[in-house]
Structures are given as structure tokens and as C-alpha cells.
Amino acid sequence: MSATSTSGATGPAGDSGAGPVLDIRDLRISFATDADPVRAVRGVNLSVRPGEVLAVVGESGSGKTVTGKSVLGLLPETATVDGAVLLAGQDVVTIDPATLRQVRGRDVAMVFQEPSSALNPVYTVGWQIAEGLRAHGQHSKKDARAKAIEILGRVGIPDPEDRVDHYPHQFSGGQKQRIVIAMALVLGPKVIVADEPTTALDVTVQAEILDLLRRVRTEFGTAIVLITHNMGVVADLADRVAVMYQGEVVEEADARSLFASPRHEYTQSLLAAVPKLGASAPGAVTARPSAGAAADDSPPETARAESPPQDERASPVVTARDLEIVYPGRLGRAGFRAVDGASFSIAPGEVLGLVGESGSGKTTIGRAIAGLTRATGGSLEVLGHEMVGFRERDFRPLRARIGFVFQDPATSFNPLLTIEECIAEPLVVHGRGEAAQGRQIRRRVSDLLDAVHLPQHFAHRYPHELSGGQRQRASLARALALDPELLVADEPTSALDVSVQARVLEVFTELQGRLGFATLFISHDLAVVGMLADRIAVLYRGELVELDSSERVLHDPQDPYTRRLLASVPVPDPVEQQTRRDELARLRADA
């Protein structure tokens with residue numbers, strides 16, 4: 001079904017009188033496998049006009065990325081494509097390879113999900129931008145450099161005259177994404193396909209990238225096909241939305257209409273799964289009285305916890321006083337201070353949310369609590385053990401009382417071990433895996449799979465045979481194998497689809513309520529943290545700037561940085577998101 005709506009969520013939806021710059025007609029894509037062919041896209045019809053943003057949304061496996069790649073002819077040889085993808089008067093499906101190479105970059109460009117994998121680490125960013133210019137015409141070295149500097153400046157890279165000669169590793173994640181967008185824009189394409197361009201970014205950086213894409217649409221007149229599962233991003237940027245499910249477009253409408261009154265059952269469930277600021281987690285138990293700050297905490301002036309005092313009989317499982325963590329410098333350079341004077345505590349059974357941008361020190365604190373990074377100053381007591389200057393021999397017995405859920409279970413699991421062996425690994429490492437206990441271990445793994453709602457037969461699968469959400473639940477099972485008193489969860493849902501994220505959060509909430517382990521939940525998603533945490537601590541450049549109950553932090557933040565952080569979170573409502581974007585602009589101007 002081709003779209004005809006002209007209503008935009010964030011601005012003009014393109015010239016309604018102009019014909020589509022991209023027209024996809026009855027697109028069907030299947031992939032050859034050793035078994036039957038996999039039908040990934042089934043009769044998709046989409047069109048985009050100049051200067052319009054079309055969001056294609058859906059969960060992993062819905063066919064949205066495959067559809068986007070078909071526009072540039074980037075599908076593998078195992079793909080069979082039927083239908084038409086009309087771009088600048090040419091059918092991408094049928095044109096010859098030489099013509100297709102000219103179309104890429106000139107007529108259509110792609111912004112990939114992970115900029116680090118799209119940039120070559122051994123070449124400067126200026127050389128990589130100039131490479132696209134050289135591939136599509138005769139450009140002198142001086143001219144190509146000048147164009148690279150110009151486009152870097154237009155996408156917001158500071159000091160482009162100097163940074164043009166820098167390498168990708170010398171830029172932050174948000175800056176690398178800007179560079180990838182610059183590479184896509186340098187030849188002035190009519191269409192940009194942006195595949196999950198903000199998935200791995202902090203909310204403040206994400207807001208900046210969305211502002212940049214909005215300017216690209218307005219200043220360059222470029223049409224954008226936005227592929228994403230983040231409905232807040234869709235509400236912030238899209239003019240129209242196409243919802244894909246199992247390879248088909250099940251609903252298409254202008255953004256405001258779709259969010260206000262979704263018609264398809266799948267769209268309704270997708271929107272219902274989006275975390276909302278201040279909402280409770282699915283299946284959440286009645287909130288426990290917060291432990292509040294320990295008597296010897298020294299939070300910043302803005303962190304005035306007014307929760308009920310903790311039970312005097314229950315000592316905190318974690319107590320930090322003026323915690324400092326400094327990474328040593330190299331070649332005579334001064335060290336980097338990642339955490340600077342943070343004071344907080346975590347009581348038994350409490351969930352403390354730790355939020356902040358990349359580089360704020362939140363993951364460093366989590367790793368220090370687990371003994372994976374050295375605390376260098378102040379005091380950090382974990383389960384009664386001082387971590388500043390600790391000896392590994394003394395701390396090793398305590399590791400069995402701490403569970404750790406990593407951000408990406410795909411890299412934290414051994415790919416050569418079955419899920420059963422991965423979950424049982426802590427039991428073996430901590431001396432509970434003797435041969436005589438093999439049956440008990442299998443029973444324990446079976447109980448853990450039940451606890452995280454995974455089928456028993458998954459025990460004999462390998463990590464790559466599970467989906468992202470299933471691997472994350474298996475990672476949670478492994479972290480709980482030894483019945484820990486403390487769980488450190490580092491961005492455990494950041495890369496998951498919203499519906500999968502909702503299921504993982506529901507499992508976590510259920511287990512935490514039933515087993516009562518204390519948790520440090522690290523995330524940059526304030527909506528997720530607000531659903532789970534009793535209290536929230538906000539880090540900014542290594543300093544703890546706010547510490548209070550979740551209710552107070554989310555609805556009455558005291559620190560200007562916390563207010564900017566909250567205003568940066570996109571919400572799945574185009575009307576409200578417009579108001580929030582104006583508020584964020586005001587806060588930035590006041591900063």
C-alpha cells in the first residue's frame with residue numbers, strides 16, 4: 001500500500017505535489033538456505049517524497065532492514081528479489097552492477113547502525129569522505145579535502161579543518177555517527193536510508209543526531225527512510241510510519257494518526273511495550289520501602305533522599321564514600337579520573353538505578369563493585385569487603401555472592417559451549433561442579449531456565465541459536481546461578497526490541513521481587529530505570545550530581561543536568577515530543 005498522507009509529526013512532510021523519489025512496488029525477497037527458502041519480505045509497497053521522513057518500524061526479523069538494503073542493492077547472493085525498487089527513474093532490482101555503483105552515493109546513501117564498523121580505522125575521516133567523491137567523478141585532492149571539511153562542519157563536527165585529519169578512534173560515538181551521516185550527504189543523494197542510527201547512543205547524543213537528521217531533511221531536501229524499533233525516535237522525527245510484521249506492512253499512516261489511534265493489533269502491542277517515564281515495570285510487585293541513603297553517605301547538595309530510613313539491622317551490601325577511580329596515564333601523561341568523589345549505598349533488596357551518558361563513569365563503578373576494575377581512592381565496601389587496595393586472593397570467595405549481567409550476552413558467552421554449559425559455568429568455577437554433582441547441576445540449570453521463562457530444550461542449544469532477548473534471559477540465569485546477594489546489570493536491555501525488552505524487564509522484576517537480591521542497574525534509558533529502581537543516582541563526568549527516590553528524580557529533578565537528561569528522552573507521542581523538544585532547546589540555551 002503506497003502512502004498518501006501528507007501530515008508530518010515534526011515538520012513539513014515533503015512536497016505533496018512532487019512524485020515519489022523512491023517507490024517500492026510489490027517487493028518480495030527470499031533467501032536460499034539448506035532447508036526451505038526463507039521469505040523475508042512479502043509484497044511490500046512503500047513510497048517516499050522529497051524532503052519526507054518515512055519510518056519503517058518493527059521487531060528484529062520483521063524485514064525492515066532487508067527492505068532498506070534492497071534500495072541500495074546490498075543484499076547477498078543468496079537473496080532472490082522480485083518486484084520493483086524505483087529510484088530516480090531506475091529500477092534498482094534490474095539495473096547492471098556498474099550503473100548500481102553510480103546510483104549508490106549519488107542517488108541514495110545509507111547510514112549504518114554501528115558507525116565503528118562503517119568507518120575504516122586505518123584511514124582518516126577526511127580520506128574516507130573524499131573516497132566517495134573520487135568514486136563518482138574527477139576531484140582534485142585539494143577540492144576533495146575542501147568538500148570534506150565543509151560537510152564535516154555542516155554536520156556539527158567542531159574544528160573541521162583540524163579534525164578532518166583525525167582517525168575514527170579519536171571521535172566519540174555521537175561524532176562518529178555524524179561522520180557517517182556526512183559521508184552519506186557529501187554527494188547530495190535524494191534519499192538516505194538510516195538503519196537504527198541512534199540505537200547505541202545515549203539519550204542526549206541521540207537527541208543531537210535526531211536534530212541533525214531533521215536539519216538534513218530541511219536544509220538539503222533529502223528524503224529519509226528511518227529504520228528503527230524505537231517508537232520515541234519515530235514520534236520525534238517521522239512524518240509517516242510503516243509498521244512491518246513478518247515481512248509485511250501491516251499498517252501505514254501519518255505519525256500523529258498512528259500514535260493517536262493505531263489500528264492493527266501488532267501496532268497496538270508494539271506501542272504498549274514502550275517504557276514510559278514514571279511507569280511501573282510489567283508485572284511489578286508492590287514497591288518496597290526504599291532503603292534511602294545510608295547515614296554515612298555524602299551525596300551532593302542536590303541529592304536529598306527523603307525515603308524511609310533503612311533497617312538498622314541490615315547493613316548496606318555496597319557503601320561508597322568519596323569514591324575515586326583513576327585510570328593510569330601512559331608515556332608520562334596524567335591519569336584519567338573516571339569517577340570523582342561519588343558517595344552512595346545499596347541496601348539489601350534495593351534496586352539502585354545508575355544513569356548518565358557514555359563516559360560518565362557508571363560502567364566503571366559497576367565493574368569496580370564486581371572487582372573487575374580497581375578503585376583507587378576514597379572507600380568502596382562491597383559485602384563488607386574494602387575494594388580500595390584489595391587483594392584478589394581475599395576477594396575471590398566474595399565473587400560467588402555477586403552476579404553480573406553484561407550488556408551484550410553474545411560476546412560474554414563462550415560460543416563453543418551450550419547454553420547449559422554457559423549457565424553452569426559459575427557453579428564449576430566456584431567449586432560446585434564436581435562430577436558427583438553433575439546431576440544436581442543439570443537440575444539447577446533446569447530450574448534457572450524455568451525461572452527466566454526459557455524452554456528446557458534450549459539447554460542443548462548454542463548461544464548463536466538464540467535470539468537477542470533469549471540470550472539476555474540466559475545471561476540473567478547465569479548471573480543468578482549462585483544465588484547472589486548483589487546483581488550488577490550493565491545496560492542489559494539497550495540493544496533489544498521494545499517488546500523483547502518488556503519481556504526481559506518483566507522476568508527481571510519477577511525474580512528480583514521473589515529472590516530479593518540487591519541490584520545496581522546501569523542504563524542510559526531513564527524510562528527503563530524508572531520502571532525498576534527504588535532510587536536513581538545520576539552521574540555526570542564522574543561526579544554524582546543527584547541521588548534520590550525514583551519518583552523525585554523523574555518528576556522533580558534538582559540538577560540542571562538531570563533536567564536536560566530527562567528532556568532528551570523521546571516519548572512515543574508526536575504532540576508531547578514537540579513540547580519536550582522545545583523544552584530541551586531552552587535548557588541547552590540556559591546551560
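Give the Debye-formula value of log10 I(q)/I(0) at each listed q (0.14, 0.20, 0.23 Å⁻¹), with one equal scatterer per alpha carbon of segment 406-483, two decimals each.
Per q value, in the given order, log10 I(q)/I(0) is -0.38, -0.78, -1.04.
Considering all alpha-carbon pairs of segment 491-544, what whole percent are spaced by more than 15 angstrom?
Result for the distance tail: 51 percent.
Filter the GluC sites (Glu not before Pro) in segment 43-122 to those in DSSP coil with at most 10 other Cβ atoms within 10 Å of their Cβ, and list the result.
77
Which angle between 0 and 90 degrees, to the nearest 10, do you get for helix 468-479 versus the longest principal axis of the chain when only C-alpha atoms count?
Approximately 10 degrees, to the nearest 10.
Put +1 on the Cβ of each Lys and Arg and -1 on the Cβ of each Asp and Glu in the chain; which of 270, 571, 438 then has its Cα farthest toward the positive end of the dipole?
The residue sitting farthest along the positive end of the dipole is 438.
If packing is taken as the average count of other Cβ atoms within 10 Å, what order do 172-180, 154-162 fall into, highest mean first?
172-180, 154-162
Which of 64/276; 64/142; 142/362; 176/276; 141/176; 190/276 have a Cα-Cα distance over 32 Å?
Pairs exceeding the cut-off: 64/142; 142/362; 190/276.
Report, in degrees rounded to the nearest 10, the 0 to 90 angle that the Cα long axis of helix 173-185 makes with the longest principal axis of the chain.
Between helix and principal axis, roughly 10 degrees.
For n ≥ 4 DSSP H runs only, could you compute -39500 (n - 2.57) per run for the chain, divide by its residues and tell me the 222 nm figure to the nearest 500?
-10500 deg cm²/dmol
Distance between the C-alpha centers of segment 470-533 and segment 142-213? Whole Å please.
First find each Cα centre; the distance between them is then 33 Å.
Compute from the Cα atoms of segment 310-352 the Rg and the Dmax, the latter being the longest Cα-Cα distance, and quote both in angstrom.
15.4, 49
Considering only C-alpha atoms, what is the centroid distance from segment 359-418 to segment 554-591, in Å?
33
Just the ratio, please: alpha-carbon radius of gyration of segment 108-239 over 2.2 N^0.38 Å, N its number of residues.
1.00
Would you work out if segment 31-119 is rounded, prolate or oblate? Take a ≥ b ≥ c from the square roots of the eigenvalues of the alpha-carbon gyration tensor; rounded if a/c is under 1.5, else prolate when a/b is larger than b/c, oblate otherwise.
Rounded is the answer for segment 31-119, as its axis ratio a/c remains below 1.5.
For residue 166 and residue 330, what does the FRET efficiency come to when R0 = 22 Å and r is the distance between their Cβ atoms, rounded to the nearest 0.05?
0.70
Enumerate the calculated ³J(HN,Hα) couplings along segment 564-579 in order (Karplus 6.51 cos²θ - 1.76 cosθ + 1.60, θ = phi - 60°), each rounded to whole Hz, writing x wherever the residue is Gly or Pro.
5, 4, 5, 5, 7, 6, x, 10, x, 7, x, 5, 5, 5, 4, 5
Provide the per-residue ³J(HN,Hα) series for segment 161-171, in order, calculated from phi with Karplus coefficients 6.51, -1.76, 1.60 and θ = phi - 60°, each as a whole number of Hz, with x at glycine and proline positions.
Couplings: 4, 8, 5, 4, 9, 8, 9, x, 5, 8, 10 Hz.
Measuring from a point 7 Å past the Cα of residue 31 along Cα-to-C-beta, which residues in segment 480-513 have an amide N at less than 19 Å?
496-497
So how compact is the chain: Cα radius of gyration and Dmax in angstrom?
So, for the chain, Rg and Dmax equal 25.3, 77 Å respectively.
Could you tell me which GluC sites (Glu not before Pro) in segment 364-440 are loop residues by DSSP with no more than 16 other beta carbons within 10 angstrom of their beta carbon?
Within segment 364-440, the qualifying GluC sites (Glu not before Pro) (loop, at most 16 other Cβ atoms within 10 Å) are 434.
Would you please give the residues with an amide H less than 5 Å from that of residue 110, counting only those at least 5 places away or on a separate chain, with H modeled from the backbone geometry?
193
Taking Cα pairs under 8 Å and at least six residues apart, what relative contact order does the chain come out at, in percent?
RCO, the chain: 17 percent.
Just want to confirm a number: the relative contact order over segment 406-483, from Cα pairs under 8 angstrom separated by 6+ residues, in percent.
This gives 47 percent for segment 406-483.
Can I get the semi-axes of segment 379-534's equivalent ellipsoid? Compute them from the C-alpha gyration tensor as square roots of 5 times the eigenvalues, in angstrom, largest first.
Value: 23, 23, 14 Å, ordered largest first.
If amide hydrogens are placed 1.01 Å from N in the peptide plane, which non-local residues have theirs closer than 5 Å to the one on residue 354?
521, 522, 523, 537
When the C-alpha atoms of segment 315-445 are aligned to their principal axes, what extent does each axis show, in angstrom, from largest down?
51, 37, 29
Pop out the ³J(HN,Hα) list for segment 412-425 in order, Karplus 6.51 cos²θ - 1.76 cosθ + 1.60 with θ = phi - 60°, rounded to Hz; leave Gly and Pro as x.
Residue by residue, segment 412-425 yields 8, 8, 6, x, 8, 9, 6, 4, 4, 5, 5, 5, 7, 3 Hz.
If a/c stays under 1.5 just call it rounded; otherwise compare a/b with b/c (prolate if a/b is bigger, oblate if not). Do that for segment 186-244, with a ≥ b ≥ c from the square roots of the Cα gyration tensor eigenvalues.
oblate
All of the numbers you see were taken from the coordinates with simple rules; none came from a lab. Note that the coordinates shown come from a computational prediction; the quantities given were computed from them, not determined experimentally. Cβ: placed from backbone, ideal geometry, glycine included. Neighbour counts: every protein chain shown.
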